[in-house]
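> Pasting in a structure now, in structure tokens, and then I'll have a few things to ask.
The values are calculated or read from the model by the stated rules, or taken from the named source; none is laboratory data. Keep in mind that what you see is a predicted model, and the values were worked out from it rather than measured. Cβ placement follows ideal geometry from the backbone for every residue including glycine, while neighbour counts extend to all protein chains displayed. Ligands, DNA and RNA are excluded from the accessible area calculation, which covers all protein heavy atoms including side chains. Shrake-Rupley method; radii C 1.70, N 1.55, O 1.52, S 1.80 Å.
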Amino acid sequence: EEQQLRELIRTAGSAQELLQLSRGNALSSNLAALAIARLARLSGEQRLDTQSLRGDPRFQQLLGILDAQISQVWNSALLQVLRSLPALGLARGGRQVRSVEQEVLWRLRRLPLHQLVQLAEQLAGQGHQGLLLPEVLRKLELRWTELEDTRTVVTLMAKVGHLSPALMERLEDKALELAEQFDPDELRRVALALALQQRRCVPLLRALSYHLLQKPAELPLPVLTDLLFAFSKLSFQQPQVLHRLALELQPHLGSLSPAQVLRCARSFASLRWLSRPLAEAMAQYCLDNAQELSITQLCGILVSFARLNFQPSSSEEFFSMIHERLQGQEQQLDVHLLTDVVWSLCVLQQPQHPHLRQVLSPEFQARLRGDSSLRAQSSWLKLLHINATARLEAPGYEGPFLPPELLGGDGDRDKDKEKATPLQRWLREALPGALGGHDLVRYNVSTVYGWDIDAEAVLDSDNKPLPVRDFSAPHLSHSEGTKPLPPGARRVAVLRWELPQFSSRGRELLGRGSLARRHLRAAGFLLAEVS
């Protein structure tokens, strides 16, 4: 008879059928639990009025049967009821829900691992507040060695890991052990879980990269885009993986939405990785879909190109389209985005005088004043670079320029030597000996162009060092010396690069580095670069 009732509950097609069972039959607490779970499912599928269901005496009878003999309910049915009661609108703090939660709490130690995982996933998905979820997480921390299948590990990392750093550490260890068995989608989900939780577990990321490269088949598009996003979020550069992602992403580019193309461009820019064929395809995508791209999306792709110092082969057509779309739209752009856009045009040697005038005007500066955020600090620095472009690389531009009080430009900044990098300390020790004295070199020079020079020296026409502080310094806001440089003498700027060198292209890809070189050379410096 119980088997027949169970089958009737399983196949019931309406709430009335289920409720009628409670009236005409002596249900056990286990069957009452199954009936409540089925009722919750039907109410979701058929969009039933849960308030009227809760007020039905037959439903209250089901709750009474469940509550009277709750200790006899099977584990699986008990977990279903725990999920179903809130779905039917019963208050989480109500007596019935608390009773079920307490019973589950008592049984936690005896629950099989797969039910414990199911319970953790269920509670995390519901945003559960109370004692049960923390206790479930503690039990998982103690039993993590029992985890054997990849799906469970991946699910816990993605849905529960952010709630317990201790558990996430155990899951990372287990994922490292099982990495060889992950399929591409599981690799994607693990990488995303790490990225969204900002957990840069390098051994696991390396293992994911290695096993990703062993997958012979072409990777699905969601795997490509999500892995790219995850690696950029974690600043994890692996050349072979990035090469494969770019190679396999290129054929899909035409099917991507503008938002997806922008996300891919930003990810590669963040990783400082330039795939010229893919970047060319992105530029062509912009030309082919110029009207579908919003002005914000177009600006985002332009900024990404600038960070990579990428000039499209169809440069004239591409930048004509950019200038055309920007015309009359500048006022609609956020002040920081407009600064980024003009800075990017400066990096790519495509600024127009109206753009320079707009961001260097006193009115534009007034919009930035009073903002002490990191974004605003970055925008002020980029304005210095734009101002330098206007002075050094824009023939015919007559102003406005930034006022002197905003330019900075201090020599020999008194930096805390404890914060100096090993390379900076080495320069301080080596240069005086190589040049012949401390007065022949100036350190940590902040120029009016917005670029910092690690060390500066002056060499005469015979390459002999001269006292650097005796001469006027137009690159500083306040020059210590007044004498002009002797004929044939040159300033030398020592630039230190401590960037990740993960490819032979390294520094040349960085638009910021390219702009710094151009400005300092235009200002009359010889460059000596160390890394």
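> Restricting attention to the range 133-154, which residues are among the polar types (S, T, N, Q) and either in contact with a Leu (Cβ under 9 Å, 6 or more places away or on another chain) or open to solvent by less than 10 Å² (accessible area, probe 1.4 Å) (or both)?
THR150, THR152
> Oh, and also: Within the range 436-459, track down each residue that is open to solvent by 30 Å² or more (accessible area, probe 1.4 Å) and at pLDDT 90 or above.
If the condition is that a residue be open to solvent by 30 Å² or more (accessible area, probe 1.4 Å) and at pLDDT 90 or above, then LEU459 is the only one that fits.
> Among the residues of the range 238-264, which ones are within 10 Å of LEU228 (Cβ to Cβ) and open to solvent by 10 Å² or more (accessible area, probe 1.4 Å)?
ARG263
> Further question: Please specify each residue of the range 98-115 satisfying the condition of being surrounded by 13 or more Cβ atoms within 10 Å (Cβ to Cβ), of a type outside the set (S, T, N, Q), in contact (Cβ under 8 Å) with a residue 12 or more places away in the chain and assigned to a helix (DSSP H, G or I).
VAL100, GLU101, GLU103, VAL104, LEU105, ARG107, LEU108, LEU113
> Related question: With the checklist (1) assigned to a loop (DSSP other than H, G, I, E, B); (2) closer than 30 Å to PRO112 by Cβ in hand, flag the one item ALA35 doesn't pass.
(1)
> Which condition does HIS128 not pass, out of (1) out of contact with any Leu (no Cβ under 9 Å at 6 or more places or on another chain); (2) open to solvent by less than 40 Å² (accessible area, probe 1.4 Å); (3) more than 29 Å from VAL81 (Cβ to Cβ), if it passes all the others?
The single condition HIS128 does not satisfy is (3).
> What number of residues within the range 7-32 are modelled with pLDDT of 80 or more, open to solvent by 40 Å² or more (accessible area, probe 1.4 Å) and not in a helix (DSSP H, G or I)?
0
> A follow-up question, please. Inspect all residues belonging to the range 372-381 and state whether any of them is in a loop (DSSP other than H, G, I, E, B) and more than 21 Å from GLU398 (Cα to Cα).
Checked the range 372-381: at least one residue is in a loop (DSSP other than H, G, I, E, B) and more than 21 Å from GLU398 (Cα to Cα).
> Right, another one. Given the residues SER232, SER267, SER275, SER315, which is the only one that is surrounded by fewer than 17 Cβ atoms within 10 Å (Cβ to Cβ) and under 20 Å from ARG512 (Cα atoms)?
SER315
> Mind listing just one residue for me: the one in the range 60-97 that is open to solvent by 50 Å² or more (accessible area, probe 1.4 Å) and of a type in the set (A, V, I, L, M, F, W, C) and, of those, nearest to LEU27 (Cα to Cα)?
The qualifying residue nearest to LEU27 (Cα to Cα) is ALA68.
> Somewhere in the range 41-50, is a residue under 20 Å from GLY89 (Cα atoms) and over 45 Å from the mean Cα position of the chain (by Cα)?
Taking the range 41-50 first, the residues under 20 Å from GLY89 (Cα atoms) are 41-50.
With the extra rule that they be over 45 Å from the mean Cα position of the chain (by Cα), the set shrinks to none.
Scanning the range 41-50, I find no residue that is under 20 Å from GLY89 (Cα atoms) and over 45 Å from the mean Cα position of the chain (by Cα), so the answer is no.
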